[in-house]
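Below is one structure, written out as structure tokens; comments come after it.
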Amino acid sequence: MRHRTLASVPALWASIPCPLSELRLDLVLASGQSFRWREQSPAHWSGVLVDQVWTLTQTEEQLYCTVYRGEKGWVGRPTPEELKAVHQYFQLDVSLAQLYHHWSSVDSHFQEVAQKFQGVRLLQQDPIECLFSFICSSNNNIARITGMVERLCQAFGPRLIQLDDITYHGFPSLEVLAGAG
């Protein structure tokens with residue numbers, strides 16, 4: 001199986017209304033909050049979310065998502081339940097426009113820099129994955145942390161799917177990590 005692009009297989013993508021001012025994948029997924037996302041083709045980010053591999057891309061007004069359901073999984077566009085996980089991960093129920101407006105009214109410095117960083121938001125990550133990523137972050141850079149987290153997943157996480165020459169793994173459970181010693 002190969003990584004999808006919106007142009008190559010549009011029937012397998014679903015969209016969520018989301019303007020760039022509310023989410024910028026290029027800024028958020030490469031920011032160092034999460035270390036599981038890669039830009040596999042221009043403006044198409046692939047990574048693991050809730051033990052499924054996703055590819056995300058966006059236009060000015062829409063966030064497009066496709067999910068890979070594993071070697072035995074059925075092929076089809078993401079279900080409403082699956083899209084809910086993406087919505088929660090990016091906390092899309094929080095209006096950045098309202099927050100930016102408020103923060104700009106109380107902080108002149110924020111008002112100056114906010115225009116350069118529209119669409120930057122906090123991710124609602126799995127707490128265990130977030131904790132272990134934070135532990136790996138001590139005195140490291142994003143590239144090194146990304147490699148450490150990826151090796152942890154390869155060594156102890158469940159194999160999810162292979163796309164092109166990349167094998168994706170879920171984040172290992174606490175039980176698996178506790179038994180790894």
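What FRET efficiency would be calculated for the residue pair ARG69, PHE134, taking the C-beta separation as r and a Förster radius of 30 Å, to the nearest 0.05?
Numbers: r = 30 Å, r/R0 = 0.98.
The calculated FRET efficiency here is 0.50.
In the calculated pair-distance distribution of the stretch 1-51, the portion above 18 angstrom amounts to 40 percent of the Cα-Cα pairs.
May I ask you to work out the translational diffusion coefficient for the stretch 1-86 at 25 °C, viscosity 0.890 mPa s, via Stokes-Einstein with Rh from the Kirkwood sum over Cα pairs, reported in whole µm²/s?
Details: Rh = 13.1 Å.
In µm²/s, the coefficient is 187.
In the chain, the inverse of the mean reciprocal separation of distinct Cα atoms equals 17.4 Å; this is its Kirkwood hydrodynamic radius.
Using the per-residue mean of other Cβ atoms lying within 10 Å as a proxy for protection, in what order, highest first, do the peptides 115-123, 10-18 fall?
Answer by packing, highest mean first, reads 10-18, 115-123.
Considering the stretch 66-107, its Cα convex hull presents a mean projected area of 4.0 nm².
Here the chain exposes an accessible surface that is 57 percent carbon and sulfur, computed with a 1.4 Å probe and the other protein chains kept in place.
Here, P(r) means the percent of Cα pairs in each 5 Å bin from 0 to the largest distance; for the stretch 56-128 it is 3, 12, 18, 20, 15, 13, 8, 5, 3, 2, 0. Note on the stretch 75-181: Rg/Rh from C-alpha atoms, Kirkwood Rh, equals 1.07. Each label was represented as a point 7 Å from its Cα along the Cα-to-Cβ direction; for LYS116 and GLU60 these points are 2.5 nm apart.
Label-to-label distance, TRP103 versus ASP51, with points set 7 angstrom from Cα along the beta-carbon direction: 3.4 nm. Once the convex hull of all Cα atoms in the stretch 88-147 is built, its volume per residue stands at 124 Å³.
Determine the per residue accessible area of the chain with all protein chains present and a 1.4 angstrom probe, expressed in square angstrom. The partial results should precede the final answer.
Working: 10090 Å² over 181 residues.
Computed with neighbouring chains in place, this is 56 Å² per residue.
The string of couplings for the stretch 30-38 from the Karplus curve (6.51, -1.76, 1.60, θ = phi - 60°) is 9, 7, x, 7, 10, 10, 10, 10, 10 Hz, one whole number per residue in order, with x for Gly and Pro.
The values are calculated or read from the model by the stated rules, or taken from the named source; none is laboratory data. Remember, predicted model here, so these are calculated numbers, not experimental data. Counting neighbours? That spans all protein chains shown, and the Cβs are built from the backbone with ideal geometry, glycine included. Surface areas here come from the heavy atoms of the whole protein model, side chains and all, with no ligands, DNA or RNA. Shrake-Rupley method; radii C 1.70, N 1.55, O 1.52, S 1.80 Å.
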